[in-house]
1. Any idea how far the Cα center of the range 39-95 sits from the one of the range 124-165, in Å?
2. With labels modelled as points extended 7 Å from the Cα through the Cβ direction, what inter-label distance (nm, one decimal) is found for Ala125 paired with His201?
3. Counting DSSP beta bridges in the chain, what percent are antiparallel, to the nearest 5?
4. 5 Å is the cut-off here: which amide hydrogens, built 1.01 Å from N in the peptide plane, fall below it relative to Gly74, excluding neighbours closer than 5 in sequence?
5. Could you tell me the relative contact order of the chain? Use alpha-carbon pairs under 8 Å, at least six residues apart, and round to a whole percent.
6. Amide H neighbours of Arg67 under 5 Å, counting only residues 5+ apart in sequence or on other chains, H built in-plane at 1.01 Å?
7. I need the phi-derived Karplus couplings for the range 145-155: 6.51 cos²θ - 1.76 cosθ + 1.60, θ = phi - 60°, integer Hz, Gly and Pro marked x.
8. Mind putting together the pair-distance distribution for the range 124-238? All Cα pairs, 5 Å bins, whole percent per bin, short to long.
Amino acid sequence: GVRLRAVVGAADADARTAVDVEADAVVLATGAHDLALPVPGWTLPGVTTAGAAQALAKRDGVAIGRRTVVSGAGPFLLPVARSLALVGSEVVGVYEASGIPALAAGWLPRPWELAGKAGEFLDYAGALARRRIPYRTGRAVVRVLGEGRVEGVVVAALDAEWRPIAGTEREVDCDAVALGHGFTPRLEAALALGCAVRDDHRGRFVAVDDAQGTTVARVFAAGEVTGIAGADAALAER
């Protein structure tokens, strides 16, 4: 079997209790968390990760602001913008850091993935177009403005290395910002158990076989800890 030590109790509580657990097998499904690159002013109230903005909108029907800017990298920016619009926020811009050449280079080696996501992408793009939400590539928020809370952002064009291009800066009025540059898996438990990890174009993930088994006997892994692939892949791994 497998022996684990777990800590139980309310999150961040002082009186959490450590318990030993023995099991015939363990399934690790620790998921992933947002990756957001810091910019000056990102600690102001009104700045959240894209994942937090999405969770508040979809789960609670709460918009993070009246006028929101979504900035970062990756396809997740699109559903975040749509969800915010559906709960009443005016999304004044979606800024994708990668330019068209970089986006194409990322997808062309894996056309089967692009084909599977084409319908979903068109759905999100259509939702943004119907609401006249600007979507700009090769641009990003480089500074958050405000005294005490978000009052606006500075957006600039970026070069291929995501460095701001001088002279392209412009201010955008908003009271909320959602930042997201993809996701990173929660590997702590897997590493503590001695599971091997693998590297691919998206980062480091727990290595599994066709049965979701890790390199440690009786330890399995599923979900985003094995690769960021969305809900369809998670359902297939159940």
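We did not get these values from a lab; they are worked out from the coordinates using the rules stated. Please read all numbers here as calculations on a predicted model, not as lab measurements. Here the Cβ positions follow ideal geometry from the backbone for every residue, glycine too, while neighbour counts run over all protein chains shown.
1. 12
2. Each label point is offset 7 Å from its Cα along the Cβ direction, giving 1.8 nm.
3. 55
4. Residues meeting the amide H criterion: Ala97, Ser98.
5. Relative contact order, the chain: 25 percent.
6. Excluding prolines and chain starts, which carry no amide H, the hits are Glu90, Asp175, Ala176.
7. With the stated coefficients, the range 145-155 comes to 9, x, 10, x, 6, 5, 10, x, 9, 9, 10 Hz.
8. 2, 9, 14, 13, 12, 11, 11, 12, 9, 5, 1, 0
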